[in-house]
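Everything below concerns the one structure shown next.
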């Protein structure tokens with residue numbers, strides 16, 4: 001089948017056309033029609049899965065970064081760059097751009113404006129490529145915060161992060 005025939009098949013079946021009728025009109029077997037429909041549904045599920053993975057990854061990073069409500073995308077971007085402890089500003093700016101892009105795609109998913117599958121995949125992988133050092137940096141920040149301040153509330157952790165995140169980027173071995 002040609003791409004145009006597949007598109008026509010998917011549109012007409014979605015509109016309620018019978019699969020046997022479509023098979024006869026297109027000159028293919030019903031099994032062929034079912035194969036194309038199964039393939040299409042797998043693509044839809046995979047695309048939805050990529051979007052869900054992106055939303056969950058951003059949510060996990062938000063939780064690790066202990067952000068203020070009004071400071072989500074920009075704050076997450078910079079905190080992630082700082083926690084990664086990159087020694088070059090260019091690398092930190094790259095991370096900020098990746099996070100801001102992922103956050104915009106994530107917002108589109110959450111608000112129902114569904115980005116295309118390639119945007120979701122691209123956003124996910126742009127976040128993922130630096131994930132290990134970012135995650136380890138956040139764990140180290142949390143451990144230091146716990147050891148130095150013994151926080152009893154999330155607000156205390158947020159205040160410690162606000163105080164130390166930039167210096168952690170420039171001098172990660174600094175004692176608080």
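Only one of 150, 129, 144 is more than 21 Å from residue 50 (Cα to Cα), loosely packed, with under 15 Cβ neighbours inside 10 Å and out of contact with any strand residue (DSSP E or B) (no Cβ under 9 Å at 6 or more places or on another chain); which?
Numbers: 129 fails: more than 21 Å from residue 50 (Cα to Cα); 144 fails: loosely packed, with under 15 Cβ neighbours inside 10 Å.
Answer to the check: 150.
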Subject >> Residue count, region 83-104 (criterion: modelled with pLDDT under 75 and assigned to a helix (DSSP H, G or I)) >> reply: 1
Original post:
Restricting attention to region 119-129, which residues are within 16 Å of residue 59 (Cα to Cα) and touching a residue at least 40 places away in the same chain (Cβ under 8 Å)?
Top reply: 120, 123, 124, 127, 128
Original post:
Does region 15-22 include one or more residues that are more than 30 Å from residue 159 (Cα to Cα), modelled with pLDDT of 75 or more, part of a loop (DSSP other than H, G, I, E, B) and in contact with a helix residue (DSSP H, G or I) (Cβ under 8 Å, 6 or more places away or on another chain)?
Top reply: no
**OP:** Evaluate the following for residue 61: is it in a helix (DSSP H, G or I) and at pLDDT 75 or above?
**Re:** yes
Subject >> Candidates 76, 54, filtered to the one that is surrounded by 13 or more Cβ atoms within 10 Å (Cβ to Cβ), modelled with pLDDT of 80 or more and closer than 20 Å to residue 125 by Cα >> reply: 54
**OP:** Please verify whether region 92-108 includes one or more residues that are touching a residue at least 60 places away in the same chain (Cβ under 8 Å) and surrounded by 14 or more Cβ atoms within 10 Å (Cβ to Cβ).
**Re:** yes
Original post:
residue 160 passes all but one of (1) farther than 19 Å from residue 74 by Cα; (2) outside any loop (DSSP other than H, G, I, E, B); (3) at pLDDT 85 or above; (4) more than 24 Å from the chain's Cα centre (by Cα); which number fails?
Top reply: (1)
Original post:
Before we move on, is residue 47 at pLDDT below 80 and more than 21 Å from residue 101 (Cα to Cα)?
Top reply: no
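The values are calculated or read from the model by the stated rules, or taken from the named source; none is laboratory data. All values derive from a computational prediction rather than experimental measurement. Every residue, glycine as well, gets a Cβ built from its backbone with ideal geometry; the counts of neighbours run over all protein chains shown.
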